[in-house]
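The values are calculated or read from the model by the stated rules, or taken from the named source; none is laboratory data. Given the structure is predicted, the values throughout are model-derived calculations rather than measurements. Glycine gets a Cβ as well: all are built from the backbone with ideal geometry, and neighbour counts include every protein chain shown. Just the protein is used for accessible areas: all its heavy atoms, side chains included, with ligands, DNA and RNA removed. Shrake-Rupley method; radii C 1.70, N 1.55, O 1.52, S 1.80 Å.
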Amino acid sequence: MMKKSNSSFKRGIRKLKQHKLAVFSFWTLLILYLSALFAPIIAPYHYETEKRAFSYAPPSKVHFIDSKGKFSRPFIYRRNYQFNEFYKKVYQEDKTKKYPIKLFVKGDSYKFLGVLKTDIHLFGVDDAAYFNLLGTDSRGRDLFSRIVYGGQVSLSIGLVGVFIALIIGVLVGGLSGYFGGKTDTLLMRLAEIIMVIPSFYLMLSLRSVFSYSLSSLQIYFIVVFIMSFIGWPGIARVVRGMAISIRQREFVLASRALGGSHLGIIRKHIIPHTFSYVIVAASISIPGYILGESALSLLGLGIQDPYTSWGNLLSEAMAVSQIQLHPWVLIPGIFIFITVMAFNLLGDGLRDAFDPHAEFIKK
Amino acid sequence: MEKILEVKNLKKYYPVQKGIFSKTSDSVKAVDGVSFSVQSGKTLGLVGESGCGKSTLARAVLRLIEPDLGFIFFKNKDITKLSYKEMKNIRRNFQIIFQDPFGSLDPRFTVFAIISEGLINFSANTKKEVIYEKTVKAVEDVGLSKDILNRYPHEFSGGQRQRISIARALVFSPKLLILDEPVSSLDVSIQAQIINLLINLQKEKGLSYVFIAHDLSVVRHICDQVCVMKSGKIVERGETSQIFANPTNSYTQRLLNSIPQINLHSTS
Ligand SMILES: Nc1ncnc2c1ncn2[C@@H]1O[C@H](COP(=O)(O)OP(=O)(O)OP(=O)(O)O)[C@@H](O)[C@H]1O
Ligand SMILES: [Mg+2]
């Protein structure tokens, strides 16, 4: 015979697999997260590497057919620039020499995962040329590399923030629902106060509590703190509702009769029953965290140059004139959009597959 | 004879909010001034129709929910006002079997975790082997095999689940068991098995029972005394034989007339 936790999990996975969009989203996210994890390898350049001469260079053209019309391995040309009559840089390819795109090339050195010192990059071209898959920014830094590095912040803030918010939300909701009475009133009023304040306003006011000039790591944790501070009440409210209905179930009364302490009962018999909801809620709320980080960084209150996050990268796109002249600065926004969409679709799939209410009503 | 449990004038009202805006709230008088006592080693029956407050009474007596008024004495010790922590030391003396065999076992726990929960709570520093041995003994006492210990509640029938509940309650040898309609949700043939099991366990371990039922059929075979409950109050009480021979209350008479027949000795 199959164990229950196991079989309902398998059933859920099977249902999830039928949800094509959710599966597609899952793989998309996996690729995004893996590339953030392996950013130093995948990015052809370090996020701080700048070539001022190549400011706002458009994406490099990748060629497959050489000047003699023959099919060749992908390559790029070196670029030179001239100023046109409006003093705008115009880049031109110097077709005299091909720079083939090579795999596992030597480039900027870095420490992989903080320990392994190496200079191997997944792909790149010889140093004489500058390969910009997605163009460069105002200081001539490779946008693709910065996006890949920026994913480390933008993608992890969602996970870390949700994780902290979940812990607080589940604890508060569990206590509130189980004990009821004054505890409940107090905790839920607190949650409601946080929920009624517009979250953007709350975000900005919380940010203003902290100093402006901080190290990037400090800022990272402040952003995480702000986002989870805003996020926990929503989770707490639903977990509370579930705890209220679970606390009346007979197995909870039985545990009381068996000498269980209140906290032990909450931990062993109440909170685990909210997990299926909590996991779905988490995947649905991650986009909020990513967008929150982007908003803060976009306003210059989050991650700051030279460090990168998708929101911070987008701040280059704040002026309409920039977008007209260098449309590629909008690309980080596409990454935000894809990630947010993928989490939403995956969340929908998870909700259908592990419908917590169905399990709830069953018995 | 010694009284193991005595309940005096116990009350439990549930508040019912009438409207969203009205502050005036009504209440359901689920248990409305109930007194009874249980003699050591005997079985007291509590009988009444659905919704008359039997489960509420059972839970309030064990302080699983807080009674509003009244007194509960366990072996002449007043336990009504003990704190939750103080109650813990008393709880190993009495246990409850719930009405719903599906709701009373946490679906996420294995049978072993379910049965050993009380043992672990009550004797924190017991060795793992001792806990295991006692748990095995408890499942075997209720007629199950120790092979089931790694399985989950949903794999069992209602009757098997009630056996697991009984094992969970008896594993640390309490003196008093409150049985809240332990068989009412089971097939008739299974009912007889469980009742016989309970009778045997009582003889073996010298247990005292409060046996709750919504009709008088089962009560006759297991109870020494019977209290008949209606709308939160006890309307008639006496020796079982006397209640069956000449009931004085019209409600009791009605209950008696609606007894379905079950034969306890056909299966076991
Ligand atoms: N948590 C609660 N909140 C409000 N009212 C309740 C609650 N629990 C029970 N009641 C009400 O109290 C009354 C007694 O319920 P109780 O469950 O004790 O009856 P019972 O005799 O055990 O019935 P049954 O034979 O169906 O199990 C019922 O009217 C019920 O609706
Ligand atoms: Mg009941």
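Structure above, values below:
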| quantity | calculated |
| --- | --- |
| Chain A: DSSP helices with Cα axial extent of at least 24 Å and average Kyte-Doolittle hydropathy no lower than -1.0 | A:20-37, A:143-179, A:216-247, A:275-298, A:331-353 |
| Nitroxide proxy distance, nm - points 7 Å out along Cα→Cβ at residue A:95 and residue A:275 | 6.3 nm |
| Listed residues A:204, B:30, A:344: farthest to the positive end of the dipole of the protein assembly as shown (Cβ charges) | A:344 |
| Two-site label geometry, residue A:81 and residue A:23: point separation in nm, points 7 Å out along Cα→Cβ | 4.6 nm |
| Residues residue B:204 and residue B:9, FRET efficiency given R0 of 35 Å [Cβ-Cβ distance, rounded to 0.05] | 0.50 |
| Positive-end extreme of charge dipole, the protein assembly as shown - chosen from B:41, B:259, B:73 (charges on Cβ) | B:41 |
| Using a Förster distance of 25 Å, the FRET efficiency for residue B:257-residue B:233 (Cβ separation, nearest 0.05) | 0.75 |
| Candidates A:204, A:171, A:217, ranked by Gaussian network fluctuation over chain A, Cα under 10 Å, top entry | A:217 |
| Sequence-distant lysines (8 or more away, or on other chains) whose Cα lies within less than 20 Å of residue A:20 | A:10 |
| The protein assembly as shown, accessible surface, carbon-and-sulfur percent (1.4 angstrom probe) | 60 percent |
| Most fluctuating residue given options B:103, B:41, B:158, as computed from a GNM of chain B linking Cα atoms under 10 Å | B:103 |
| Inter-site label distance for residue A:215 and residue B:78 at 7 Å from Cα along Cβ, in nm | 6.3 nm |
| Solvent-accessible area per residue, Å², over the range B:103-173 with all protein chains present [probe radius 1.4 Å] | 41 Å² |
| Estimated dipole of the range B:103-173 in Debye, rounded to 20 [Cβ of Lys and Arg +1, of Asp and Glu -1, Cα centre] | 60 debye |
| Per-residue [θ]222 nm for the protein assembly as shown (sum of -39500 (n - 2.57) over DSSP H runs n ≥ 4, rounded to 500) | -15500 deg cm²/dmol |
| Fraction of beta bridges assigned by DSSP in the protein assembly as shown that are antiparallel (%, nearest 5) | 70 percent |
| Residue with peak Gaussian network fluctuation, chain B [Cα springs, cutoff 10 Å], from B:240, B:248, B:56 | B:248 |
| Eligible lysines near residue A:15 by straight Cα distance, threshold 17 Å, same-chain separation 8 or greater | A:4 |
| Residue among A:113, A:231, A:80 farthest towards the positive dipole end of the protein assembly as shown, charges placed on Cβ | A:113 |
| Size of electric dipole in the protein assembly as shown: Cβ of Lys, Arg +1 and of Asp, Glu -1, about Cα centre, debye, nearest 20 | 500 debye |
| Share, in percent, of DSSP beta bridges within chain B that are antiparallel, nearest 5 | 60 percent |
| Förster radius 56 Å - calculated FRET efficiency between residue A:323 and residue A:104, Cβ distance, rounded to 0.05 | 0.95 |
| Estimated vicinal HN-Hα couplings, Hz - the range B:232-243 in sequence order (Karplus 6.51, -1.76, 1.60; Gly, Pro = x) | x, 10, 8, 9, 7, 8, x, 4, 4, 4, 5, 5 |
| Listed residue pairs exceeding 27 Å between alpha carbons, taken from B:146/B:205; B:77/B:146; A:61/A:102; A:268/B:203 | B:77/B:146; A:268/B:203 |
| The range B:81-95 residues near the modelled residue A:183 label - backbone nitrogen below 17 Å, point 7 Å along Cα→Cβ | B:83-88 |
